[in-house]
Amino acid sequence: MNNFHFLISHAKLYGFIFPSCDIYDGISAIYDYGPYGILLKNNIKDFWWKSMIQLHRNIVGIDTSILMHPTVWKASGHIEAFNDPLIDNKDSRRRYRADLLVEEYCDRIEYKIHKTVEKARNILGEKFDEHICFITSPKITELKKQKERIIKRLALAIDNKTLNDIRNIIEELEIRDTESGSKSWTDVREFNLMFKTNFGPLRHKTLELYLRPETAQGSFVNFSNVSNSTLMKIPFGIAQIGKAFRNEIIARQFIFRMREFEQMEMQFFVAPSKEREWYEYWKHTRFKWHLSLTIEPHFYRFHDHDKLAHYASAATDIEYLFPFGFKEIEGIHSRTDFDLKNHQKYSGKKLQFFDYNRHQHYTPYVIETSIGLDRMFLGLFSSSLKEEEFSKGNFRSVLKFPIALAPIKAAIFPLVKKDGLAELAEKIFNELKCKYMVIYEANESIGKRYRRQDAIGTPFCFTVDYQSQRDYTITVRHRDSMRQERLSINKITYFLEEKMDFQKLIQ
Ligand code: GAP
């Protein structure tokens, strides 16, 4: 089993993620979160929410509806431009996103560059210098140029909507269907990603609505409501977490690309000449946020866009090294005044700000940070999941989540159920449960209980044994190092509080 299949089966086996409607064989690209999955997801949400709203005096949160007035999507450009280029393979009859076929080809070029670098590293040993290798190797220079040429051509074809050109690129690069190896492709067609639904009883005249494809529009249409009710002054942000829906052409790779997913987005409204400065600020602030959660900083990188969304003047992705390669986890977009201006045009309502310093009214510009909650979950899950040999021939699967995000903070075990140990363990559990998500477990051997807590990522196990009755201490077993130590029962709360300090995580 490869790493990714192992991850998917671990997520199901231990109650993190289930295919939706599993008993009916599932429904493509829709998933449910299980008992530990929802705890982890809520902890990620909470961490993002605190980082955005609690730590910034000038960011407020809202929660807007999924169904919005249909004109919103005309104004936002989604009806006109929220399309993906679709292509079918004539032999396998499989459907693909044409731009992704080209991007995957470029990923293979990137992989060749990586292989060339690694080969040089092995040959030169200690004398190896990656920077020099990049600028002096003719092979790497040629591969980089080739990739740049392809990406530029693809971006141009998408911008100009010359779908034939995307097909020409696929033909010229001799891209094959991964299933059948066939190079026989249909023309490229445009496909709108929004899900439609009907508003009102079917027998009567109904209004066609869309399930929102991004949460951002809820913040734009509430710009005046929020600024008037909170007296926020530019620059300020509106943040929200919520579901979004996209009828994705291809939806593979587990929860990476889903048809129903959750976004954590923040729209930051700035004065017109300040957008570049704030774009840089948010780009780096968000990167730092990701690094605060990882011990593997090289798993993250920026990818500046050549191909821009219809509303953006600049955009970068924060990419994460998923088990299937570097892919977007969060987007930072400079959205100009596109959305507010268009909502003014279509609604006839002013969406402006009076700047007392400048003595003028203007339509603010927007910097957006947009992270997929499910992708963040997948990133965290994949970087935390380890298979370790803990003693000769004995293996454990362990989820080494950052302590503050772990679904269960501690498990409380009585060594055995008899002799009053269970009662003392239950007493400790009852005291901790008001403050922390903890569980009580008395069945099976201690070793098996440890293995299970490792598999769901519980950072601490507290065991009540006979010594506990004598000196009022328990054994703390640490998930990552498997080290054990004695701790006074009176100090458990302080111990957990100190380990879970939000401030420590965010520094
Ligand atoms: N409001 C801007 C916006 O929606 P996007 O780049 O299309 O921009 C933002 O999406 C983030 O939402 C992405 O970085 C990704 O993490 C997440 N996302 C987008 N489509 C997704 C999908 N089909 N499944 C899961 N997450 C998705």
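Determine if the stretch 38-48 includes at least one residue that is closer than 20 Å to MET376 by Cα, crowded, with 18+ Cβ neighbours inside 10 Å, touching a residue at least 12 places away in the same chain (Cβ under 8 Å) and among the basic types (Lys, Arg).
Initial filter on the stretch 38-48 (closer than 20 Å to MET376 by Cα): 38-48.
Filter once more, so that each one left must be crowded, with 18+ Cβ neighbours inside 10 Å: 39-41, 43-44, 47-48.
Filter again for touching a residue at least 12 places away in the same chain (Cβ under 8 Å), leaving 39-41, 43-44, 47-48.
Subset that is among the basic types (Lys, Arg): 41.
Yes, that holds for at least one residue.
Determine whether ASP63 is among the charged types (D, E, K, R) and either under 17 Å from LYS196 (Cβ atoms) or part of a strand (DSSP E or B) (or both).
For ASP63, the condition - among the charged types (D, E, K, R) and either under 17 Å from LYS196 (Cβ atoms) or part of a strand (DSSP E or B) (or both) - is not met.
List every residue pair whose Cβ atoms sit under 6 Å apart, with the two residues 6 or more apart in sequence or on different chains, where the first one lies in the stretch 347-368 and is hydroxyl-bearing (Ser, Thr, Tyr) and the second, anywhere, is part of a loop (DSSP other than H, G, I, E, B).
THR363/ASP337; THR363/GLN352; TYR365/ASP337
Give ALA81, ALA75 a once-over and let me know the one that is in contact with a His (Cβ under 8 Å, 6 or more places away or on another chain), surrounded by fewer than 15 Cβ atoms within 10 Å (Cβ to Cβ) and within 29 Å of LEU163 (Cα to Cα).
Criteria check complete, one pass: ALA81.
Among the helices (runs of 4 or more DSSP H) confined wholly to the stretch 109-186, which include 1 or more residues that are of a type in the set (Gly, Ala, Ser) and surrounded by 12 or more Cβ atoms within 10 Å (Cβ to Cβ)?
Of the helices (runs of 4 or more DSSP H) lying wholly inside the stretch 109-186, those with at least 1 residues that are of a type in the set (Gly, Ala, Ser) and surrounded by 12 or more Cβ atoms within 10 Å (Cβ to Cβ) span 138-159.
Return yes or no: is ASP480 exposed (fewer than 15 other Cβ atoms within 10 Å of the Cβ), in contact (Cβ under 8 Å) with a residue 40 or more places away in the chain and not in a strand (DSSP E or B)?
yes
Search the stretch 10-29 for residues that are in the same structural domain as ILE44 (by TED's automatic domain parsing) and assigned to a helix (DSSP H, G or I) and pair each with any residue that is aliphatic (A, V, I, L, M) and surrounded by 12 or more Cβ atoms within 10 Å (Cβ to Cβ) when their beta-carbon atoms are under 6 Å apart and the residues are at least 6 apart or on different chains.
What qualifies is ALA11/ILE17.
The values are calculated or read from the model by the stated rules, or taken from the named source; none is laboratory data. If you're wondering where the values come from, they're calculated on a predicted model, not measured in any experiment. Positions of Cβ are backbone-derived with ideal geometry, glycine not excepted, and every protein chain shown enters the neighbour counts.
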